[in-house]
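Structure first, then comments.
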Amino acid sequence: MITCEGLVKIYKTDEIEVVALQGLNIQIDAGEFMAIIGNSGSGKSTLLNILGGLDRPSAGQVKVGDWDLLKITDKQLVDYKRHTVGFIWQNNARNLVSYLTALENVEMPMMLSGNYDPAYAKQLLEWVGLSNRMNNKLQELSGGEQQRVAIAISLANRPRLLLADEPTGSVDTKTADMILSIFQRLNKELGVTIVIVTHDLSMAGKVGRVVAIRDGMTSSEFIARNPSITSIDRMAMGLTSEDHEEYVVLDRAGRLQVPKAYLTALQIDGKATMEFDGEKIMIKAPKVIPAHEGVEPNSQTVGGKLK
Ligand SMILES: Nc1ncnc2c1ncn2[C@@H]1O[C@H](COP(=O)(O)OP(=O)(O)OP(=O)(O)O)[C@@H](O)[C@H]1O
Ligand SMILES: [Mg+2]
């Protein structure tokens, strides 16, 4: 469903350039329910905005279904946003119109795309557990309720792909669980492909696959339910070995990102040695040759002998 290869996004503001994505690779299959995790500023929202057609990539490849988002025209982009993809923003206010009712909020994107279907709008609100709040204005609903309206809105045009940026960022645990089960149902029953960005580790632990982004590149992947390997990253992310198995991501050229914590622990800076023993590849800090064993830089040769 989604292929990104060497995806680059550069934000230019007056004199500063920020490279938010620096050659990111990711592949997401149709019907997957997966999560993206990573530190603040690592490029998660940037990636989601590009996939959602809200922002243009600077270079690289990004394909969603039949659409090539690097080459897509502005007109096609409108069509893409209306029919292929549903989006839930990190900032809730962007999803909702506060002076309209919950039902009107869900109906609005249907009207804009010419697929007005009030019965389906009601069904979506029932689906997210708001059948008795449909006719309340958005400002009369709680934060968690508003977030569920945002989910209903994102589904109004029956998208095949749902992108959600921190959907549980500002709700309590109970609402977060409810949102998670809505997503799970959508994924299982309607086959919607779902990509969420989250800091919520319990949520990340419940999806099929978790991809970690570091400094604008995919660094590692955690695939559900396969015991093994422990690592600093896994502990840092709170994923237990029973939940996910970790894989490091390699691009086509064989490049991989070694976690900073590993490099710091081994005091590797700039250069390392790599050994292959037929089974494993080992990356080690370069050997430091004690000065007396090597040729001293200032030694001079006299008569063919070292002095
Ligand atoms: N419109 C913009 N103009 C300039 N720089 C931007 C813009 N949007 C994002 N950035 C920069 O790009 C980098 C990636 O930002 P992004 O919003 O993708 O991070 P994030 O992983 O979503 O972080 P968070 O977890 O805090 O939401 C950051 O350094 C950010 O400052
Ligand atoms: Mg973000």
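The values are calculated or read from the model by the stated rules, or taken from the named source; none is laboratory data. The structure displayed is predicted, hence computed values, not measured ones. With ideal geometry, Cβ positions are generated from the backbone for all residues, glycine too; neighbour counts draw on all protein chains shown.
For the reader, a short list of remarks on this structure follows.
- Hits in segment 30-48 (condition: within 16 Å of VAL249 (Cα to Cα), more than 9 Å from ligand 1 (Cβ to nearest atom) and in a loop (DSSP other than H, G, I, E, B)): none
- Considering only residues in segment 145-174 that are within 16 Å of ligand 1 (Cβ to nearest atom) and out of contact with any strand residue (DSSP E or B) (no Cβ under 7 Å at 6 or more places or on another chain), the one that is farthest from ASN187 (Cα to Cα) turns out to be SER170.
- Some residue of segment 49-57 being of a type outside the set (A, V, I, L, M, F, W, C), over 14 Å from the mean Cα position of the chain (by Cα), in a helix (DSSP H, G or I) and under 30 Å from GLU107 (Cα atoms): no
- Restricting attention to segment 270-287 and to residues that are surrounded by 10 or more Cβ atoms within 10 Å (Cβ to Cβ) and either assigned to a loop (DSSP other than H, G, I, E, B) or within 28 Å of the chain's Cα centre (by Cα) (or both), the residue that is modelled with the lowest pLDDT turns out to be PRO286.
- Residue that is nearest to ILE2 (Cα to Cα), among those in segment 194-211 that are in contact (Cβ under 8 Å) with a residue 60 or more places away in the chain and either part of a loop (DSSP other than H, G, I, E, B) or touching a Pro at 6+ places or on another chain (Cβ under 9 Å) (or both): ILE196
- Residue match in segment 53-70 (condition: more than 15 Å from ligand 1 (Cβ to nearest atom), of a type in the set (A, V, I, L, M), without any contact (Cβ under 8 Å) to a residue 24 or more places away in the chain and surrounded by 14 or more Cβ atoms within 10 Å (Cβ to Cβ)): yes
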